[in-house]
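Below: one structure, written as structure tokens.
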Amino acid sequence: MAVKESIKEVTIKNKLGLHARPASLFVQMASRFDSEITVSRKDGGEPADGKSLMSMLILTASCGTILTIKGEGQDSEEAVTALAELVDRGFDED
């Protein structure tokens with residue numbers, strides 16, 4: 001059986017970027033899903049493990065940074081959609 005894959009591109013909208021609180025919210029949500037979640041900056045760099053707070057913080061994604069969220073697994077579409085919506089809402093900060 002082929003592994004399901006889902007990908008969405010999002011832009012960090014909250015003024016302070018992906019600091020500890022929003023990164024923690026992202027990791028908490030990503031951890032609810034069985035799929036592997038990776039996050040990468042459109043402008044390059046190593047992909048981050050979406051279920052690791054340290055890995056997400058290392059992205060240093062400020063306001064306006066474009067990120068690609070990729071999920072691999074049976075619930076990848078649901079996971080990536082939920083995570084993209086969280087980012088699109090500005091992590092409910094503004």
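Go through region 1-31 residue by residue and tally those that are part of a loop (DSSP other than H, G, I, E, B) and either in contact (Cβ under 8 Å) with a residue 12 or more places away in the chain or within 13 Å of the chain's Cα centre (by Cα) (or both). Reasoning before the result, please.
Initial filter on region 1-31 (part of a loop (DSSP other than H, G, I, E, B)): 1-4, 12-19, 31.
Still in the list and also either in contact (Cβ under 8 Å) with a residue 12 or more places away in the chain or within 13 Å of the chain's Cα centre (by Cα) (or both): 3-4, 12-19, 31.
Number of matching residues: 11.
Give me the residue from region 32-73 that is assigned to a helix (DSSP H, G or I) and not hydroxyl-bearing (Ser, Thr, Tyr) and, out of that set, surrounded by the fewest Cβ atoms within 10 Å (Cβ to Cβ). Quick ask: steps written out before the conclusion?
The initial filter retains those residues of region 32-73 that are assigned to a helix (DSSP H, G or I), namely 53-57.
If we keep only those that are not hydroxyl-bearing (Ser, Thr, Tyr) as well, we get 53-54, 56-57.
Values: Leu53: 15, Met54: 10, Met56: 24, Leu57: 16.
Applying the filter and picking the extreme gives Met54.
Can you say whether Glu5 is out of contact with any helix residue (DSSP H, G or I) (no Cβ under 7 Å at 6 or more places or on another chain) and at pLDDT 95 or above, as far as the supplied structure shows? Before the answer, list the steps.
On the way: out of contact with any helix residue (DSSP H, G or I) (no Cβ under 7 Å at 6 or more places or on another chain): no; at pLDDT 95 or above: yes.
So Glu5 fails the test.
The values are calculated or read from the model by the stated rules, or taken from the named source; none is laboratory data. This one's a predicted model, so the numbers in the text were calculated from it and none came from an experiment. Cβ atoms come from the backbone with ideal geometry, glycine included; neighbour counts cover every protein chain shown.
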